[in-house]
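Chemist: I am attaching a structure below and will ask some questions about it afterwards.
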Amino acid sequence: MSELIISSSPHIRSNDSSRRIMIHVLVALLPATLSAYIYFGVRSLVLTAVSIAACVISEYGIRKLLKRDMTIQDMSAVVTGWLLALNLPPQLPVWMAVFGGFLAIVLVKQLFGGIGQNFMNPALTARVILLISFAGPMTRWAIRGDGADLITTATPLALLKEAGGRVLPDMPKYIDLLLGNVGGCIGETSALALLLGGLYLLVQRVISPVIPLSFLGMTLLFTWAAGGPSGIFTGDGLYHILSGGILLGAFFMATDYSTSPITTRGKWIMGVGCGLLTGVIRLFAGYPEGVSFAILIMNILVPLIDRYTLPKPFGTPKKGGGTAHA
Amino acid sequence: MHGKKWVNKGVHPSHHKGTHDCMSQKITLPDRILMPMQQHIGAPCRLLVARGDRVKVGQLLGKAEKYVSAHVHSSVSGTVSGITALMFPAGNRVETVEIIPDGLQEMWEGISRPKHSTPEEFLQAVADSGLVGLGGAGFPAHVKLKAPPGKKTELLVVNSAECEPYITSDYRECMENAEGIIDGIQQILDHLSIPQAIIGIEDNKPEAVHKLRKLIQKDPRITVQILKTRYPQGAEKMLIYSLTGRKVPAGGLPLDVGIVVMNVNSVSFLSSYLSTGIPLITRRVTVDGNIVARPGNAVVPLGTPVGRVFEFCGGFTREPAKIIMGGPMMGTALYSLDMPVMKYTNALLAFDAKAADRGKETSCIRCGRCVEVCPMDLIPAAINQAALREDVDQLLRLGSINCIECGCCSYICPAARNLAHSMRLAKWQLKKASAKEGSVQ
């Protein structure tokens with residue numbers, strides 16, 4: 001008889017794997033990608049493919065260079081590339097997407113140790129670096145007009161900011177926000193597609209509902225309370241959470257495992273923090289949109305949040321504090 | 001219904017209770033018996049026999065001399081052929097008596113119905129029986145039952161949750177010997193003046209519930225409570241919380257909340273011991289796994305080599321890669337089929353290489369699933385990292401010592417990290433560090 005395997009219990013494992021989780025995320029991104037194709041044309045798909053390729057090749061190269069185990073099979077680089085593309089304007093020069101993918105994987109993810117070790121969201125950090133480096137191309141929005149050509153437009157949030165928080169008759173309607181018939185990044189415009197993808201993630205238990213709910217809820221409340229044209233509690237909070245990158249951010253970016261708190265209490269803090277910061281930036285800062293900055297700021301706070309939301313072990317007295325150790 | 005909260009935690013592995021309806025079958029005598037002097041938590045026994053001695057069924061082979069320890073009796077009549085130091089899976093060696101059975105199964109003259117009219121006599125009888133927790137933990141029963149001065153036992157919890165996959169040994173006891181279970185409970189309640197008892201059973205065993213409920217109609221002290229099927233429902237602390245809403249304090253024992261927990265097989269064994277005086281020398285073992293030809297429940301003389309038990313169940317259909325003593329969540333992987341069945345062996349499982357493969361360990365992705373499932377509210381991922389860098393301060397801060405080693409974290413981990421193992425590592429590091437500290441002072 002051959003030798004028996006000796007190992008510590010448990011001896012069985014659920015059939016979940018990191019790769020499976022990543023594939024669920026990819027499935028959840030399909031509706032938003034489809035909507036992008038409808039409103040922004042085939043270029044959105046090209047940009048997505050290029051961004052994914054850039055991320056996977058970067059990961060392959062850097063792992064080889066650093067002589068580490070190959071990790072591209074876990075599909076996380078595909079997720080990063082895809083998410084990055086969905087956070088880019090549809091007409092961005094292709095080489096900028098390549099550069100973004102390289103930054104996301106090499107600078108933000110792998111140089112900090114790879115999957116699970118990076119402290120900022122790779123796709124979002126790359127997007128913000130691109131935004132600051134190439135402010136023009138990164139804020140030029142276009143949408144498919146009556147013909148096949150794209151026509152230049154502004155994002156709903158920019159219009160809203162210009163109008164002082166008032167939803168004017170010539171601005172996109174709720175239905176446009178739901179379907180994605182507005183200017184914006186490739187994957188952020190269709191609220192419906194994103195909600196569908198988010199729902200899929202929730203049903204598959206890939207993410208917990210805490211961060212999306214608290215994030216969206218807080219932004220809704222804040223923009224309703226402080227974003228109105230005629231004083232307090234006159235803002236259109238719903239318009240706010242249906243436009244811009246907030247749905248993409250709340251379901252797909254703020255819930256990123258590596259860069260969000262591990263405890264439920266921590267997740268509430270993360271969501272509320274993101275929601276509040278998004279509201280503040282949208283209403284009071286120079287940019288019309290603040291989701292990326294909000295999430296990245298909260299990313300940096302995650303180790304601190306984890307530290308202060310450490311749950312007490314079962315059976316530890318409520319009062320008295322300290323950690324139980326026999 | 002108490003304690004719903006923890007039930008959101010834990011995991012739900014496939015039951016694999018294929019041996020559910022397999023009547024227990026007595027295995028034929030093996031040609032060799034190995035009796036380790038330590039088949040329990042606590043100190044090993046003092047060896048009473050030597051090579052060449054003839055022993056009989058029920059004869060004392062090893063005497064428990066420390067407070068936390070349990071006697072070891074011979075399960076066969078035969079000749080002591082040697083005393084060895086058997087290596088256990090943990091790497092330690094235990095003094096072990098090897099006996100060649102003569103097939104006569106002659107009873108030892110010393111066996112008689114124990115006297116048990118006072119609580120002291122009752123506890124002495126429990127100690128004499130050699131009983132340890134038959135649910136798998138192997139804690140000496142007489143130690144558990146003895147309430148320390150100043151503390152009173154208010155409730156006996158009888159554990160029939162059997163939350164581990166595959167194992168049906170408790171269930172079979174409920175089906176085949178419900179009377180014995182109830183009698184055992186009543187004896188314990190009577191002799192130790194414990195006012196009430198609750199039998200906890202998971203909701204996937206309705207026949208057992210029915211059977212036991214029928215028998216307790218006349219005894220208002222005993223109730224059967226149905227538990228949600230969830231692993232680790234049968235873990236002492238979780239079970240107590242589910243049944244009573246009481247939380248055993250961190251680092252404490254069930255007695256701290258006035259409770260004693262015993263396995264169903266343990267209480268029914270006590271019933272039989274009190275009427276026959278035959279000590280713990282056989283037990284029921286569930287034999288299963290994906291390569292066992294005829295899975296079933298076998299009644300096995302203690303000390304029988306596990307290979308012999310598998311043979312009794314038709315042997316293997318494919319090459320075994322992993323042999324587990326106990327359940328797949330908390331059991332021990334054996335290095336050899338020559339290891340003996342011991343008092344706490346509730347199951348023997350055999351798996352081929354494919355089923356034994358837990359997957360390659362990859363980097364933690366911080367998904368938080370281990371945190372979601374940990375019934376003790378720990379952060380296994382963080383403890384894993386702290387243990388790997390031997391950060392004792394951090395291990396202390398993270399409350400690692402509270403881990404009950406149920407294995408939920410490793411079970412659920414998508415990166416196949418050996419989290420439960422690092423919990424053990426963590427406890428060991430903490431122990432080492434505190435010993436060091438002690439020696440400095």
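Chemist: Looking only at residues in the range B:199-221 that are in contact with a Leu (Cβ under 9 Å, 6 or more places away or on another chain) and buried (at least 20 other Cβ atoms within 10 Å of the Cβ), which one is farthest from B:H116 (Cα to Cα)?
Modeler: Among those that are in contact with a Leu (Cβ under 9 Å, 6 or more places away or on another chain) and buried (at least 20 other Cβ atoms within 10 Å of the Cβ), it is B:E202.
Yes or no, residue by residue, for (1) in contact with a Leu (Cβ under 7 Å, 6 or more places away or on another chain); (2) surrounded by fewer than 21 Cβ atoms within 10 Å (Cβ to Cβ); (3) not in a helix (DSSP H, G or I):
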site: A:E3; (1), (2), (3): no, yes, yes
site: A:R19; (1), (2), (3): no, yes, no
site: A:S44; (1), (2), (3): no, no, no
site: A:A53; (1), (2), (3): no, yes, no
site: A:V56; (1), (2), (3): no, yes, no
site: A:E59; (1), (2), (3): no, no, no
site: A:T80; (1), (2), (3): no, no, no
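Chemist: Here are some residues: B:I291, B:I324. Which one is among the aliphatic types (A, V, I, L, M), under 23 Å from B:H15 (Cβ atoms) and within 10 Å of another protein chain (Cβ to nearest Cβ)?
Modeler: Unique residue meeting the criteria: B:I324.
Chemist: Something else about it: Given the criteria among the aliphatic types (A, V, I, L, M), more than 12 Å from B:M35 (Cβ to Cβ) and at pLDDT below 95, does B:A70 qualify?
Modeler: no
Chemist: In the range B:78-127, what residues are among the polar types (S, T, N, Q) and either touching a Phe, Trp or Tyr at 6+ places or on another chain (Cβ under 8 Å) or under 19 Å from B:M339 (Cβ atoms) (or both)?
Modeler: B:S81, B:T84, B:N92, B:T96, listed by residue number.
Chemist: Moving to a separate point now. Scan the range B:118-140 and give yes if some residue there is of a type in the set (D, E) and under 18 Å from B:T282 (Cα atoms), otherwise no.
Modeler: Within the range B:118-140 (the criterion being of a type in the set (D, E) and under 18 Å from B:T282 (Cα atoms)), the answer is yes, since at least one residue qualifies.
Chemist: Of everything in the range A:63-94, what is over 22 Å from the mean Cα position of the chain (by Cα) and closer than 27 Å to A:L150 by Cα? Give them in sequence order.
Modeler: none
Chemist: Take A:L92 and tell me if it is out of contact with any Lys or Arg (no Cβ under 7 Å at 6 or more places or on another chain), of a type outside the set (F, W, Y), part of a loop (DSSP other than H, G, I, E, B) and away from chain B (no Cβ under 14 Å).
Modeler: yes
Chemist: State the number of residues belonging to the range B:247-264 that are in contact with a strand residue (DSSP E or B) (Cβ under 7 Å, 6 or more places away or on another chain) and crowded, with 19+ Cβ neighbours inside 10 Å.
Modeler: 7
Chemist: So, B:C406, is that one in contact with a Cys (Cβ under 8 Å, 6 or more places away or on another chain), buried (at least 24 other Cβ atoms within 10 Å of the Cβ) and at the interface with chain A (Cβ under 9 Å from one of its Cβ atoms) or not?
Modeler: No, not satisfied.
Chemist: Sort through B:I198, B:I167, B:I181 and tell me the only one that's of a type in the set (A, V, I, L, M, F, W, C) and out of contact with any helix residue (DSSP H, G or I) (no Cβ under 6 Å at 6 or more places or on another chain).
Modeler: Unique residue meeting the criteria: B:I167.
Chemist: Of the conditions (1) within 18 Å of the chain's Cα centre (by Cα); (2) more than 8 Å from chain A (Cβ to nearest Cβ), B:M330 clears all except one; give me its number.
Modeler: All conditions are met except number (2).
Chemist: Go through B:A90, B:A50 for me and flag whichever is part of a loop (DSSP other than H, G, I, E, B), surrounded by fewer than 17 Cβ atoms within 10 Å (Cβ to Cβ), at pLDDT below 95 and at negative phi.
Modeler: Selected residue: B:A90, the only one of B:A90, B:A50 that is part of a loop (DSSP other than H, G, I, E, B), surrounded by fewer than 17 Cβ atoms within 10 Å (Cβ to Cβ), at pLDDT below 95 and at negative phi.
Chemist: Just for helices (runs of 4 or more DSSP H) wholly inside the range B:202-280: which have at least 1 residues that are over 28 Å from A:P10 (Cβ atoms)?
Modeler: B:206-215, B:264-276
Chemist: Counting only residues that are more than 7 Å from chain A (Cβ to nearest Cβ) and assigned to a strand (DSSP E or B), which one in the range B:333-382 is nearest to A:Q117 (Cα to Cα)?
Modeler: By that ranking, first place goes to B:F351.
The values are calculated or read from the model by the stated rules, or taken from the named source; none is laboratory data. Quantities reported herein were computed from a predicted structural model and do not represent experimental measurements. Here the Cβ is made from the backbone with ideal geometry for all residues, glycine too, and neighbour counts use every protein chain on show.
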